[in-house]
Structure formats: structure tokens, C-alpha cells
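Report on the following structure.
Read-outs throughout are calculated quantities, based only on the coordinates presented, and are distinct from any laboratory measurement. The model shown is predicted, which means the values in this text are computed figures rather than measured ones. Note: ideal-geometry Cβ built from the backbone for every residue, glycine included; neighbour counts use all protein chains shown.
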């Protein structure tokens, strides 16, 4: 168990309001990710972090910002939410798997965001 | 062209059937390949990695064809509990993984 907690799990908000999603992990993993999942698109990478204060953009980063001030917390912020950001957001950590011989992702339970 | 493509299905099969999914990828330099399983309204979970020589885990067999740039997943003796969405995942570079949109499997009694 990678000990990943996402909050809130569900949120309904209005267009133009700021929203922050939190991802908390308990096992000191260096790499953390934020994905969004939409029908027909699969999971798409928004931003990722490779350490405290070290972040980079993914393929769908427009309209999102992230922060990582502590190893255990990775925050995703929508500065001004739009209806196109209605989605399910998954946080993930990456860890080396001896059995797989590769880095594998373990996901949090997801945060379902609806922007009206 | 998408980096990772899958047939979305759904594949509707009876219990006990054998079913196979394919997934194609565009980056010939990709090194790591995986199949994830996602149940309805849940997070994706690693099903198995895909090795160059192919690998088997119980009823599940994964194959990699680098020349044609596809990976496959074979499920034998399908169970009702196998009903899920199966996600093909490819490491394109560094520590970045790209996900296919998923293939829906429905196993019916």
C-alpha cells in the first residue's frame, strides 16, 4: 500500500472559482503525478514533481498549477475553473518495482470534480 | 496519431472464453510496457508488466512485438470478475508513462 490519499474525493464548483486538490503520500516517494481522466482520452498527465519545489508540465497543463512544498504533499490548483475541467483527477506516485524491473505507478482513489 | 492506441471495445464474452486485446504504440524507443486494470469508478491498478520475451501470470499472458510496435493481453477462461477496463501503458521517455484510452471487457454468465 503506497499510502496515497486524495482530497476532496468529490467537489462541485462554479465556473470561475479557484479549486485546489490535495494529494498526500506517507512513504517518501520522490515522484508524484497529477492525471486527469476523460471518456475517450484515457489518463493524461497534467503536471508532475520530481522533488520538493521541483515540478514540470505534462501534456495538458494549461489552466493548472501545482506546488510541492513538502515531500508528502502535491497540490493541484485550478486558478479559475472552467467546465472543460470537469473530470476525474488521479494522483500517482512512481516507485521501482523489482518484479517488473521498471518504475510503476500507484494511484490514489481519485477526485471527481464537476464545474457548473 | 496517438502515442498509444487501443480498441475501445466493448468486448462482450461469455464466462470461460478466451479474449485478446491489442495495443499499438508510436515511439519505437519505448522501453517499458504495462497493462493496468481499472474497475468502474475506481483507480487504475497494475495488472502486469510486459517483458520482451512475453510473460504469463495465471490466466493472463502479455506479449510484446517490437517490430510491429504492439503489445497484447490474452485472458484465458474469463471470469465475471475480469469485467473491467484494461489500460495499455507505455513509458515513452524518462519517467513518463502514456496511457491508452482503455479497452472495456464485459464477461457475461
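List A:62, B:7, B:57 from most exposed to least, where exposure is judged by having the fewest other Cβ atoms within 10 Å. Placing the least packed residue first, the sequence is A:62, B:57, B:7.
For residue B:53 and residue A:14, a Förster radius of 45 Å and the Cβ-Cβ distance give a FRET efficiency of 0.25, rounded to the nearest 0.05.
Spatially, the range A:40-116 and the range B:5-82 are offset by 24 Å when compared through their Cα centroids. Based on alpha carbons, the Rg and Dmax found for the range A:20-116 are 13.3, 44 Å. Under the simplified labelling scheme, the residue A:56-residue B:12 pair shows an inter-label distance of 4.5 nm, with each label point 7 Å from Cα along Cα→Cβ. With a Förster radius of 35 Å applied to the beta-carbon distance between residue B:1 and residue A:80, the computed FRET efficiency rounds to 0.60.
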